[in-house]
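In what follows, a structure is listed as structure tokens, so that the remarks can point back to it.
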Amino acid sequence: QVQLAESGGGLVQPGGSLRLSCAASGILFSINPMAWYRQAPGKQRELVAVITGGGSTNFADSVKGRFTISRDNAKKTVFLQMNSLKPEDTAVYYCYCNVRGTNYWGQGTQVTVSS
């Protein structure tokens, strides 16, 4: 059974940083691409960042240069380091993977950027 568990969200002031973690179980983590999505109130869920099993990464234009994604295959965990946070980054952040054609999502973690 695939399970994804996010942690690390919270309230941060503009310009601040947060690090999100997603612990995975039930998958061959080391070869599976992993991604972070976010959904702001009243908006569609959008892709934030993706990392392949080999470590290649891609980012939404809105977060390039501010966010990084990384993975620790030994701990089956993917991270999203968010720097220079802006109010428009406020959203629920979800960990995501696709295993043999089935989408899996974590429960989400709230990130609020506000002074």
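The figures follow:
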{"item": "Residue within the range 49-71 that is open to solvent by 70 Å² or more (accessible area, probe 1.4 Å), within 18 Å of A5 (Cβ to Cβ) and among the hydrophobic types (A, V, I, L, M, F, W, C) present", "result": "no"}
{"item": "Candidate set: the range 37-48, residues that are part of a loop (DSSP other than H, G, I, E, B) and open to solvent by 40 Å² or more (accessible area, probe 1.4 Å); chosen: the one nearest to Y94 (Cα to Cα)", "result": "R45"}
{"item": "Test result for V111, surrounded by 13 or more Cβ atoms within 10 Å (Cβ to Cβ), in a strand (DSSP E or B) and in contact with an Asp or Glu (Cβ under 7 Å, 6 or more places away or on another chain)", "result": "yes"}
{"item": "Among (1) touching a residue at least 12 places away in the same chain (Cβ under 8 Å); (2) acidic (D, E); (3) out of contact with any helix residue (DSSP H, G or I) (no Cβ under 8 Å at 6 or more places or on another chain), the one test that D72 misses", "result": "(1)"}
{"item": "Selection from the range 1-36 of residues that are free of Cβ contacts under 8 Å to residues at least 60 places away in the same chain, closer than 17 Å to L80 by Cβ and open to solvent by 40 Å² or more (accessible area, probe 1.4 Å)", "result": "A23"}
{"item": "Hits in the range 58-69 - residues which are outside any helix (DSSP H, G or I) and touching an Asp or Glu at 6+ places or on another chain (Cβ under 9 Å)", "result": "A60, R66, F67"}
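Rundown of residues vs (1) part of a loop (DSSP other than H, G, I, E, B); (2) over 10 Å from the mean Cα position of the chain (by Cα); (3) acidic (D, E), yes/no style:
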site	(1), (2), (3)
R71	no, yes, no
V78	no, no, no
S84	yes, yes, no
E88	no, yes, yes
Y94	no, no, no
N98	no, yes, no
Q107	yes, yes, no
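The values are calculated or read from the model by the stated rules, or taken from the named source; none is laboratory data. Predicted, not measured: the structure shown is a model, and the values here were computed from it. No Cβ is skipped: glycine too gets one built from the backbone with ideal geometry, and neighbour counts run over all protein chains shown. Calculation scope for accessible area: heavy atoms of the full protein, side chains included, ligands and nucleic acids excluded. Shrake-Rupley method; radii C 1.70, N 1.55, O 1.52, S 1.80 Å.
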